[in-house]
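Read through the structure below, which is laid out as structure tokens, and then see the notes.
The values are calculated or read from the model by the stated rules, or taken from the named source; none is laboratory data. On a predicted model such as this, the values are computed, not experimentally measured, just so you know. Reconstructed Cβ throughout: ideal geometry from the backbone, glycine too, with neighbour counts over all protein chains shown.
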Amino acid sequence: MERDRDSTVIGRFAPSPTGALHSGSLVAATGSYLMAKHCGGRWLLRLDDLDIHRQVPGMADDIMRTLELFGLQWDGKVAYQSRHLEEYQHFFALLQQSGIVYPCGCSRKEIAQSASAPHLEDDVIPYPGTCRGGNNSAVVRSWRVRVADEEISFSDLRSGFYSQKLSTSCGDFILRRGDSQFAYQLAVVVDDYLAGVNQVVRGEDLLSSTPRQIYLQRLLGFALPDYCHLPLVIGPDGAKLSKRDHLLSLQLGTATGRERPVLLDVLRFLGLNPPRELSGYPCHAILEWGTAHFTTLLLPAEGGPIPI
Ligand code: GLU
């Protein structure tokens, strides 16, 4: 978990302002905070606000207010993806110059119809490479990066060895949409690189995106961060938590003292066993205890419900 003596750990939390923080995102925020701080590092906050259609007005502020309520104070200035378009353009152009990016005219429907390979767990239909040899239509619906026919593997600090062959799991994937919007995969890689992030701790739902990100990091010559994907919070009925479940800002309102038991539940979810007396202490003291005791070895193998 520790890096070289001279390289400070830089972790981050990168919520999308599409809704209020919920118990699942609070786990990601707290887990990434504790791990970065345990390593003596910095913890950054970035708002992934590229997709304007999915954003809910006021949510960026709401998320920041809720993080502060839990004592999760970030270091330095907040970063906003919507302010990094020039940077994305720069690295997109570098990839284009290397001849690995091509325009694609396929619609989702066409891709779905031509799909023969089984889908990934997160419902990505592997792109069959129709436009590799030239755009099959007059319109550009996306810009794709050509993937190599090789396994991309890495060692996750919680779940261990993970490997994917991009050519069969997702195929040539999108870097930019026809309406010019940059894709999450490119944006996240560029942002983490520019901010010096070397420790990515986030929910397990993003585990299957990581090989695509590693592929781009290799193409661009970026150092790979350490990855730790946290178990997911699920509803009491075993179903995936929806964006409307366990909303924290609405439940808590302003500081009421309710945030302390919630934070202690999050620590327990992360495998820690905070002493009973800690419930009488403010959030920053709970986080201090969590920072001292955090270890990836205690992270549970499976997700589960959280009593919020
Ligand atoms: N913004 C992404 C999300 O909310 C997370 C990005 C990341 O942690 O890499 O799902």
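The residues of the range 9-18 that are surrounded by fewer than 24 Cβ atoms within 10 Å (Cβ to Cβ) and more than 10 Å from the ligand (Cβ to nearest atom), listed by number, are Val9, Ile10.
Exactly one residue out of Pro274, Pro261 is touching a residue at least 12 places away in the same chain (Cβ under 8 Å), assigned to a helix (DSSP H, G or I) and either surrounded by fewer than 19 Cβ atoms within 10 Å (Cβ to Cβ) or not polar (S, T, N, Q) (or both), and it is Pro261. Pairs only if they're at least six apart or on different chains, beta carbon under 7 angstrom, first in the range 197-208 and at pLDDT 95 or above, second within 11 Å of the ligand (Cβ to nearest atom) and in a loop (DSSP other than H, G, I, E, B); list them, first residue then second. Here the result reads Val197/Pro225; Asn198/Pro225; Gln199/Pro225; Val200/Pro225, each pair linking the range 197-208 to a residue that is within 11 Å of the ligand (Cβ to nearest atom) and in a loop (DSSP other than H, G, I, E, B). Pairing residues of the range 78-94 that are within 17 Å of Arg12 (Cα to Cα) with residues that are of a type in the set (Gly, Ala, Ser), at Cβ distances under 8 Å and at least 6 apart in sequence or on separate chains, gives Ala79/Ala195; Tyr80/Ala60; Gln81/Ala187; His84/Ala187.
Consider Gln89 carefully, then state whether it is within 12 Å of the ligand (Cβ to nearest atom) and over 20 Å from Pro282 (Cα atoms). If you could, list the steps in order and put the result at the bottom.
Working: within 12 Å of the ligand (Cβ to nearest atom): no; over 20 Å from Pro282 (Cα atoms): yes.
Here the answer is no, as Gln89 does not meet what is asked.
Select from the range 23-44 the residues that are surrounded by fewer than 23 Cβ atoms within 10 Å (Cβ to Cβ) and assigned to a strand (DSSP E or B) and list them in ascending order. Residue satisfying the conditions is Arg42 alone.
Selection within the range 191-208: residues that are farther than 14 Å from Ser7 by Cβ and in contact with a Cys (Cβ under 9 Å, 6 or more places away or on another chain). The member of this set that is nearest to the ligand (Cβ to nearest atom) is Arg202.
Here is a yes/no grid of residues against (1) modelled with pLDDT under 95; (2) within 22 Å of the chain's Cα centre (by Cα):
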{"position": "Gln55", "(1), (2)": "yes, yes"}
{"position": "Asp62", "(1), (2)": "yes, yes"}
{"position": "Asp75", "(1), (2)": "no, yes"}
{"position": "Leu95", "(1), (2)": "no, no"}
{"position": "Val101", "(1), (2)": "no, no"}
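Hey, does the range 134-148 have a residue that's buried (at least 19 other Cβ atoms within 10 Å of the Cβ), in contact with a helix residue (DSSP H, G or I) (Cβ under 9 Å, 6 or more places away or on another chain) and not in a loop (DSSP other than H, G, I, E, B)? Scanning the range 134-148, I find at least one residue that is buried (at least 19 other Cβ atoms within 10 Å of the Cβ), in contact with a helix residue (DSSP H, G or I) (Cβ under 9 Å, 6 or more places away or on another chain) and not in a loop (DSSP other than H, G, I, E, B), so the answer is yes.
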